[in-house]
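Visitor: Supplied in structure tokens, the structure appears directly below.
The values are calculated or read from the model by the stated rules, or taken from the named source; none is laboratory data. Given the structure is predicted, the values throughout are model-derived calculations rather than measurements. Quick reminder, even Gly has a Cβ in these numbers, built from the backbone with ideal geometry, and neighbours come from all protein chains shown.
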Amino acid sequence: MPNTSSQCASAMLAEDMLLLVLAGRKTATCMPLAKLTAAGTPIPEPGKRDVVLDGDGVPACTVETVAVTTCRFDEVTEEFARAEGEPSLDAWRISHSRHFARNGGFTPAMKLVCEQFKVVEFLGAYKKS
């Protein structure tokens, strides 16, 4: 089945995020607490490992959660925004408020689960020589 434009955009975003992770420029991510709760997904805990996929769904690396906090959107720090790969807190706020608005709703008071991670293994074609 051919990709729709939203699938292409998602694949391109996944690829962009992966490149930041592989380069060590993205060491954090966040998600709305309400979205996790609604899906019955537990809050990540330190030591949890996940496989990160590239834009084609191919495993690229394994990451390990090193810290998890919760805070309001409007309490996210400059340090965390930069750990997410953004150039500044203002850029983070703009991109994330738009993303959350498109994907379930946004308010400055919304609670976020903020997860910090490290790459523990490069996989397949992404293995470093």
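Visitor: Could we say that Ala34 is farther than 14 Å from Phe122 by Cβ, surrounded by fewer than 13 Cβ atoms within 10 Å (Cβ to Cβ) and of a type outside the set (Val, Ile, Thr) here?
Guide: On the way: farther than 14 Å from Phe122 by Cβ: yes; surrounded by fewer than 13 Cβ atoms within 10 Å (Cβ to Cβ): no; of a type outside the set (Val, Ile, Thr): yes.
Spelling it out, it is not the case that Ala34 is farther than 14 Å from Phe122 by Cβ, surrounded by fewer than 13 Cβ atoms within 10 Å (Cβ to Cβ) and of a type outside the set (Val, Ile, Thr).
Visitor: Evaluate region 70-87: report whether one residue or more is hydroxyl-bearing (Ser, Thr, Tyr), more than 14 Å from the chain's Cα centre (by Cα) and surrounded by 12 or more Cβ atoms within 10 Å (Cβ to Cβ).
Guide: Among the residues of region 70-87, at least one is hydroxyl-bearing (Ser, Thr, Tyr), more than 14 Å from the chain's Cα centre (by Cα) and surrounded by 12 or more Cβ atoms within 10 Å (Cβ to Cβ), which makes the answer yes.
Visitor: Would you mention how many residues in region 88-106 are at pLDDT 95 or above, touching a helix residue (DSSP H, G or I) at 6+ places or on another chain (Cβ under 7 Å) and either of a type in the set (Phe, Trp, Tyr) or surrounded by fewer than 13 Cβ atoms within 10 Å (Cβ to Cβ) (or both)?
Guide: The number of residues fulfilling the criteria is 3.
Visitor: Something else: Of everything in region 38-71, what is farther than 18 Å from Gln116 by Cα, part of a loop (DSSP other than H, G, I, E, B) and either hydroxyl-bearing (Ser, Thr, Tyr) or touching a residue at least 12 places away in the same chain (Cβ under 8 Å) (or both)? Give them in sequence order.
Guide: Selection gives Asp54, Gly55, Asp56, Val58.
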